[in-house]
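Okay, so here's the structure we're looking at.
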Amino acid sequence: MQSVLRMVLLDPCSDSRESLKRMLADMDPVWVEADCPRYDQFPEILSQTTPDIAVIGIDSDPVQGLEMVAETLRAHPKTRVFVTSSVSDSQRILQAMRSGAHEYLTSPVQIDDLLLALDRVRQSRGQNGARTGESMVIAVTGMVGGVGSTCIAVNLACALAADLSRRVVLVDLDMVLGDADVCLDIVHNYTLLDLVENINRLDFTLLKRSLVRHSSGVSFLPHPSSLAEISRIRPDSLKRVIGLLKATFTHVVLDLSNGFRETDIAAMQASDTVLLISQLNVSCLRNLSRLFKALEGSDGMVDHMKVVLNRVGAKDLNIPVERAEEAIGRKVFWQIPNDWQTITSSRNGGVPLVLHSPKSKVAVSINALADDLGGDGKREPEKASNGKRRGLFGLLS
């Protein structure tokens, strides 16, 4: 895991200083070493701490505050300086930038603005690429209904959580027919809608209180309770919620619908890896082929997509894997063996497969998948070896 970002706060205004401290309290990759209420005391605190980030509030005395920005950078050129102010006009921002500030945050500081600023600090230090706080987002979606995408999403989350160094959250984004809560036998009081409708005052305390903790170690966030509430979940708000989850969990697993709604697309765009769950039948392979063709030349989303075959070895699914790869023009990333009876027993009992039957061949495969994805998840998607794609139905006939 990455090293913690050490931070010191300077703000004579106690309300804004304490508000920022509360916001930072639950951010695991951040450690507030000291906070200071006076400009004249700050140089001594800096000399004792040498932080990665200094956050300086300038509303109490803008002239002295900006002088302290410049003095901080002269004494500690490697420290990144964030300026906070309730004034957001261009002149004040320009003054801060001329003093050397790396970030300008309008107070009261919004948590998603702070997360983006912290992410830029990590990128500048060569940590983590572009992912926030060492977190990985994995989206799971099926190519048709009934291919087992929810089962895989739930059990993947539980398998990831078996490693106690990981903090895992599962979000049910199949807004209409999602039943991840049934697979986990969970009763919940809050849903995704509660977070979305409180997005402007959302902090880590409210976030954690809205989640249900499963015995496997997975935290769970269900979809809205009624169909009428679905339209109130907007893609931009969903991305902000995912951003908060990334800041406090090492792994975020998103169980999507197979309808490619606006929220599904937003979730995919926010993900590091998208698992496309398929089976070896014509319907699934046709949809995979159509999807990859539709995304050609898109914003790089297809590069994060990995094909996972479920129920491999089932007698009713007899298309060879090699033929399937030729049809979709890509290599299969993972194969999960068929064990329908064990999966059905697990699902009906409301116990995740990796806990219900940990030695079953399906559980072993999903645990191995979790280990593979549990790291950086950056393995490049593989292309089919033949350069020419043949017609799908002609190939499979």
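The values are calculated or read from the model by the stated rules, or taken from the named source; none is laboratory data. Please read all numbers here as calculations on a predicted model, not as lab measurements. FYI the Cβ positions are ideal-geometry reconstructions off the backbone, even for glycines, and counts take in every protein chain you see. In case anyone asks, the SASA skips ligands and DNA or RNA and just uses the protein heavy atoms, side chains included. Shrake-Rupley method; radii C 1.70, N 1.55, O 1.52, S 1.80 Å.
The single condition from (1) touching a residue at least 12 places away in the same chain (Cβ under 8 Å); (2) farther than 20 Å from LYS306 by Cβ; (3) of a type in the set (D, E, K, R) that ASP89 fails is (1).
The set of residues in the stretch 62-72 being touching a Phe, Trp or Tyr at 6+ places or on another chain (Cβ under 7 Å) and either open to solvent by 50 Å² or more (accessible area, probe 1.4 Å) or part of a loop (DSSP other than H, G, I, E, B) (or both) consists of GLN64 alone.
Flag: PHE249 matches the condition of being at pLDDT below 95 and open to solvent by less than 30 Å² (accessible area, probe 1.4 Å). State whether one or more residues within the stretch 195-212 are under 20 Å from LEU227 (Cβ atoms) and at pLDDT 95 or above. No; the residues of the stretch 195-212 include none that is under 20 Å from LEU227 (Cβ atoms) and at pLDDT 95 or above.
In this structure, is ASP236 among the charged types (D, E, K, R), outside any loop (DSSP other than H, G, I, E, B) and buried (at least 18 other Cβ atoms within 10 Å of the Cβ)? So ASP236 fails the test. Restricted to helices (runs of 4 or more DSSP H) entirely inside the stretch 73-174, those with at least 1 residues that are under 29 Å from GLU33 (Cβ atoms) and touching an Asp or Glu at 6+ places or on another chain (Cβ under 9 Å) are 90-99, 111-124.
Restricting attention to the stretch 269-281, the residues being modelled with pLDDT of 95 or more and either hydrophobic (A, V, I, L, M, F, W, C) or touching a Pro at 6+ places or on another chain (Cβ under 7 Å) (or both) number 5. Among the residues in the stretch 240-252, are any under 18 Å from the mean Cα position of the chain (by Cα) and under 27 Å from ASN338 (Cα atoms)? Checking the stretch 240-252: at least one residue is under 18 Å from the mean Cα position of the chain (by Cα) and under 27 Å from ASN338 (Cα atoms).
Which pairs do you get when a residue that is under 15 Å from ASN198 (Cα atoms), found in the stretch 223-250, comes within reach of a residue that is assigned to a loop (DSSP other than H, G, I, E, B) and among the β-branched types (Val, Ile, Thr), reach meaning Cβ atoms under 9 angstrom, with the pair 6+ apart or on two chains? Every condition considered, the pairs that remain are PRO224/THR191; PRO224/ILE233; GLU229/THR191.
Of the residues PHE292, PHE333, which single one is out of contact with any Phe, Trp or Tyr (no Cβ under 8 Å at 6 or more places or on another chain) and open to solvent by less than 20 Å² (accessible area, probe 1.4 Å)?
Result: PHE292 is the single residue among PHE292, PHE333 that is out of contact with any Phe, Trp or Tyr (no Cβ under 8 Å at 6 or more places or on another chain) and open to solvent by less than 20 Å² (accessible area, probe 1.4 Å).
Within the stretch 180-192, take every residue that is open to solvent by 40 Å² or more (accessible area, probe 1.4 Å) and outside any helix (DSSP H, G or I) and give me the one that is nearest to THR248 (Cα to Cα).
At the first step, the residues of the stretch 180-192 found to be open to solvent by 40 Å² or more (accessible area, probe 1.4 Å) are 182, 185, 187-190.
With the extra rule that they be outside any helix (DSSP H, G or I), the set shrinks to 185, 187-190.
Values: ASP185: 24, VAL187: 23, HIS188: 20, ASN189: 21, TYR190: 18 Å.
Looking at residues that are open to solvent by 40 Å² or more (accessible area, probe 1.4 Å) and outside any helix (DSSP H, G or I), I get TYR190.
Taking each residue of the stretch 289-318 that is more than 19 Å from GLY145 (Cα to Cα) and in contact (Cβ under 8 Å) with a residue 24 or more places away in the chain and looking for partners that are surrounded by 11 or more Cβ atoms within 10 Å (Cβ to Cβ) and of a type in the set (Val, Ile, Thr) with beta-carbon atoms closer than 8 Å, six or more apart or interchain, yields MET301/VAL274; HIS304/THR273; HIS304/VAL274. Taken together, GLY297, GLY313 contain a single residue that is open to solvent by 70 Å² or more (accessible area, probe 1.4 Å), small (Gly, Ala, Ser) and modelled with pLDDT under 95, which is GLY297. Residues in the stretch 358-369 that are outside any helix (DSSP H, G or I) and open to solvent by 50 Å² or more (accessible area, probe 1.4 Å): 2 in all. No other residue among VAL154, VAL176 is touching a residue at least 12 places away in the same chain (Cβ under 8 Å), β-branched (Val, Ile, Thr), under 22 Å from ALA266 (Cα atoms) and open to solvent by 60 Å² or more (accessible area, probe 1.4 Å) apart from VAL176. In the stretch 34-61, which residues are touching a Leu at 6+ places or on another chain (Cβ under 9 Å) and open to solvent by 40 Å² or more (accessible area, probe 1.4 Å)? Scanning the stretch 34-61 gives ASP35, PRO37, ARG38, GLN41.
Out of ALA159, ALA117, report the one residue that is modelled with pLDDT of 90 or more and either basic (Lys, Arg) or closer than 30 Å to CYS284 by Cα (or both). ALA159 is the lone residue from the list that is modelled with pLDDT of 90 or more and either basic (Lys, Arg) or closer than 30 Å to CYS284 by Cα (or both).
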